[in-house]
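All remarks here apply to the structure that follows.
The values are calculated or read from the model by the stated rules, or taken from the named source; none is laboratory data. Computed from a predicted structure; not experimentally measured. Heads up, the Cβs are rebuilt from the backbone with ideal geometry, glycines too, and the neighbour counts pull from every protein chain shown.
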């Protein structure tokens with residue numbers, strides 16, 4: 001009799017535990033950044049990420065194992081390179097995606113196209129859009145992904161990210177003037193409303209082209225010479241050829257700029273600075289070190 005009672009209690013406890021565990025992942029309603037409502041009754045198991053920033057976010061909160069497909073540009077963390085490649089940001093291979101049979105696709109409007117979104121939704125896929133444009137938006141995106149995947153490390157990682165941003169952010173009026181370029185031929189910069197502009201502003205820099213109407217304006221050589229900022233930044237891949245091309249171009253065209261003469265001329269890793277993901281902490285740390293140099 002006692003043994004039967006004990007077994008009954010154990011069985012009831014197990015049932016309650018299972019029910020609670022199910023309730024923890026059931027009934028989740030969440031809006032993506034397009035305002036579209038999604039209902040999750042279980043944690044997605046086969047996810048395709050069509051943006052490097054979203055891939056990095058998934059790995060950051062410990063949901064990398066849920067990614068079944070990524071783009072050819074998803075190269076960080078290194079484990080992302082082991083995932084199935086489904087094409088590029090603008091030209092994902094729909095047949096490869098179909099072969100995965102994803103229960104969720106992650107997409108951003110900043111790097112992916114409206115045509116891609118429409119094609120995927122027309123085929124009946126659940127396409128969840130995240131489009132962080134400011135540093136604070138990354139935290140919100142991480143929160144949404146954590147609600148979906150409910151990883152063990154999620155809350156801790158997000159708190160770590162939030163604290164990191166608070167510690168690295170700079171406030172005050174004493175800002176270093178700068179100009180930064182995504183391309184040298186032609187000169188293409190960015191204004192303050194962009195994600196990259198937000199990184200610089202948050203770490204104590206003032207963009208001499210920050211008030212431009214276009215997010216990514218073309219800049220004439222004369223404009224840069226007239227502005228003559230304290231610091232110059234260029235974004236490049238890590239190849240020696242790219243770096244040397246930038247240095248050569250600047251020495252020929254702008255050696256008289258004070259930023260160049262004073263050694264305030266920097267070439268930055270474009271993947272760290274251009275992706276609105278958790279590595280923004282690395283970007284902010286790099287700029288803080290540059291800002292405090294004499």
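Residue 65 - would you say it is at pLDDT 95 or above and over 22 Å from residue 157 (Cβ atoms)?
Taking the combined requirement at face value, the residue does not satisfy it.
Over 26 Å from residue 120 (Cα atoms), at pLDDT below 95 and not in a strand (DSSP E or B) - does that describe any residue in the stretch 33-47?
No, that holds for no residue.
What tally of residues in the stretch 134-143 results from selecting those that are surrounded by fewer than 17 Cβ atoms within 10 Å (Cβ to Cβ) and in a loop (DSSP other than H, G, I, E, B)?
Residues that pass the stated criteria total 0.
Residues that are out of contact with any helix residue (DSSP H, G or I) (no Cβ under 6 Å at 6 or more places or on another chain) and buried (at least 18 other Cβ atoms within 10 Å of the Cβ): does the stretch 235-243 have at least one?
No, the stretch 235-243 has no match at all.
So for the stretch 202-215 (the condition being surrounded by fewer than 13 Cβ atoms within 10 Å (Cβ to Cβ) and within 21 Å of the chain's Cα centre (by Cα)), does at least one residue qualify?
no
Of all residues in the stretch 156-177, how many are under 18 Å from the mean Cα position of the chain (by Cα) and surrounded by 13 or more Cβ atoms within 10 Å (Cβ to Cβ)?
Number of matching residues: 9.
Residues in the stretch 206-220: is at least one part of a helix (DSSP H, G or I), assigned by TED's automatic domain parsing to the domain that holds residue 269 and modelled with pLDDT under 95?
no
Are any of the residues in the stretch 152-161 assigned to a helix (DSSP H, G or I), touching a residue at least 12 places away in the same chain (Cβ under 8 Å) and farther than 27 Å from residue 29 by Cβ?
No - not one qualifying residue is present in the stretch 152-161.
Matching residues to (1) in a loop (DSSP other than H, G, I, E, B); (2) at pLDDT 95 or above:
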position	(1), (2)
90	yes, no
95	no, yes
98	no, yes
102	yes, yes
106	no, yes
109	yes, no
112	yes, no
121	no, yes
125	yes, yes
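For the stretch 221-258, how many residues meet the condition of being outside any helix (DSSP H, G or I) and at pLDDT 80 or above?
Selection size over the stretch 221-258: 14.
Hey, any hits in the stretch 49-56 for a residue that's closer than 22 Å to residue 31 by Cβ and either surrounded by fewer than 17 Cβ atoms within 10 Å (Cβ to Cβ) or in contact with a helix residue (DSSP H, G or I) (Cβ under 6 Å, 6 or more places away or on another chain) (or both)?
yes
Could you say whether any residue in the stretch 278-288 is assigned to a helix (DSSP H, G or I) and over 22 Å from the mean Cα position of the chain (by Cα)?
No; the residues of the stretch 278-288 include none that is assigned to a helix (DSSP H, G or I) and over 22 Å from the mean Cα position of the chain (by Cα).
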